[in-house]
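Below is one structure; the comments refer to it alone.
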Amino acid sequence: MTPTSSRSRKVALLSALYFVQGLPFGFQTTALPVYLRTQGVSLMVIGSLGLLSLPWMGKALWAPLVDRYGSERVGRRKSWILPMQLGLAATCALAAFVPVPDALKALLGLVFLMNLFAATQDIAVDGFAVDLLEPHELGWGNSAQVVGYKLGMLTGGGLLVWMSGSLGWRGIFLVMSALSLGVFGLVALTREPRRAEGVGGGERPSWHEVRERLAAAWRLPGTGWVLLFIATYKLGETLVDVLFKPFLVDMGFTPAQIGQWVGTWGMVASLLGSAAGGWLAARMPLLGALALASCLRVIPLGGEWWLALHPPSAQGVIAVTVAEHFFGGVLTTAVFAFMMSRVDRRIGATHYTLLASVEVLGKSPGGPLAGLLATRFGWSYAQVFLLGTVLSVAFVALLWPLRRGEQATRSVSTSP
């Protein structure tokens, strides 16, 4: 098998795995509110649906279990992925036959379980990707990660809802179950690679070893800068994104226009940007790719600030929206590749999940902060957008101490 065909097989497999993980989250965030409202469920319940995604926030708590336990005969990662796939398929199938609103709690419980199975599988798949990918393949692998997950969200939250007129809501759940079973079969037929000598030798790490390796990773030079970098790279962008759609509404654009420009064209641009980010990370040093993507991402954020200062035209909104989603996708993939490059492969699932949790928690305050500035302190859209742009420019400055930290880490690793 040629190196190119081997890489293509890895990328295809990872894309499929991340795709099915995106299905339940996309369904919960986009399709489920529509479904429940058509069944007469109250807005109070619909407004609380975010609680169903708690497994994605807390998955770092049980990530060490995924690293510690697993069958070497089945495959250390497959022994977690396969049952999670079956659990996801089963809960989707059961949800198809739950009457709403009579058994609303049962349906919401099943959606919570879907997220739990998908989030736990994500831990194992991240570890699988760390084991599977060579250093020069990280860009392509993380492109598969981001693009696959976004396609899953788009399918679960958009395409299947669009087809609900012919499929029916029961059909949506059954299609999600069938897709999960299809990927289950693909994984079952795939041989999991054994980790190389020096990367754990295929032995399961003890609890003591997991703790020691995590402690050693945190003690590496520049780790504080790495964590700050991962936590803040999306903060300014989130400040802008949260208020951009309300801004367009206040500027007189229709929901149909906003849905087409942001929800459709923006998502397509984001997918293309994620693929381009993988290409960039595969052809440049990772810090160079991050620097380029970070600088390019600032341009459309500044464009949104400019739109808030002047009466925006449809053409200007479309151009800025597409550019912001594209360069945001490039940066996200480059950051995920950088995160994976920093992982200790012997505890890959735990270490990567912890970094991913830092990434999620770091950008979370952006939305509430934007709302607070606009409502409590009376900031205009332009002022909030300017702050988001400035924070994104300041983030670029973190690349300098990050580069010094990388050099210090190499010095430690090469010293006698």
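The values are calculated or read from the model by the stated rules, or taken from the named source; none is laboratory data. Nothing here was measured: the structure is a model prediction, and the numbers come from that model. With ideal geometry, Cβ positions are generated from the backbone for all residues, glycine too; neighbour counts draw on all protein chains shown. For the accessible areas, the whole protein counts, side chains as well, though only heavy atoms, and no ligand, DNA or RNA atoms are used. Shrake-Rupley method; radii C 1.70, N 1.55, O 1.52, S 1.80 Å.
Miscellaneous remarks
Listed here are the residues, each with its yes/no results for (1) at pLDDT below 85; (2) among the β-branched types (Val, Ile, Thr); (3) open to solvent by 20 Å² or more (accessible area, probe 1.4 Å); (4) in a helix (DSSP H, G or I).
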| position | (1), (2), (3), (4) |
| --- | --- |
| 333 | no, yes, no, yes |
| 336 | no, no, yes, yes |
| 377 | no, no, yes, no |
| 384 | no, yes, no, yes |
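For every residue, the table says whether it meets (1) open to solvent by less than 50 Å² (accessible area, probe 1.4 Å); (2) of a type in the set (S, T, N, Q); (3) without any contact (Cβ under 8 Å) to a residue 40 or more places away in the chain.
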site	(1), (2), (3)
10	yes, no, no
17	yes, no, no
24	yes, no, no
28	yes, yes, no
33	yes, no, yes
36	yes, no, no
54	no, no, no
57	no, no, no
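- Selection within region 74-112 - out of contact with any Pro (no Cβ under 9 Å at 6 or more places or on another chain), of a type in the set (A, V, I, L, M, F, W, C), modelled with pLDDT of 90 or more and within 21 Å of residue 63 (Cβ to Cβ): 80, 81, 82, 84, 86
- For region 281-301, a residue qualifies if it is in contact (Cβ under 8 Å) with a residue 60 or more places away in the chain, within 23 Å of residue 388 (Cβ to Cβ) and open to solvent by 20 Å² or more (accessible area, probe 1.4 Å), and the qualifying residues are 291, 295, 298.
- On the stretch given as region 69-95, residues that are assigned to a helix (DSSP H, G or I) and touching a residue at least 12 places away in the same chain (Cβ under 8 Å) total 16.
- When residue 98 is tested against (1) part of a helix (DSSP H, G or I); (2) touching a helix residue (DSSP H, G or I) at 6+ places or on another chain (Cβ under 8 Å), exactly one condition is not met: (1).
- Region 87-109: number of residues that are under 22 Å from the mean Cα position of the chain (by Cα) and of a type in the set (A, V, I, L, M): 2
- Residue satisfying all of: in region 119-150; in contact with a Ser or Thr (Cβ under 9 Å, 6 or more places away or on another chain) and over 24 Å from residue 290 (Cβ atoms); surrounded by the fewest Cβ atoms within 10 Å (Cβ to Cβ) among these: 119
- Residues satisfying the stated conditions in region 172-209, i.e. crowded, with 18+ Cβ neighbours inside 10 Å, on the phi < 0 side of the Ramachandran plot and at pLDDT below 75: 195, 205
- Among the residues here, residue 156 does not qualify as open to solvent by 50 Å² or more (accessible area, probe 1.4 Å), modelled with pLDDT of 80 or more and under 25 Å from residue 58 (Cα atoms).
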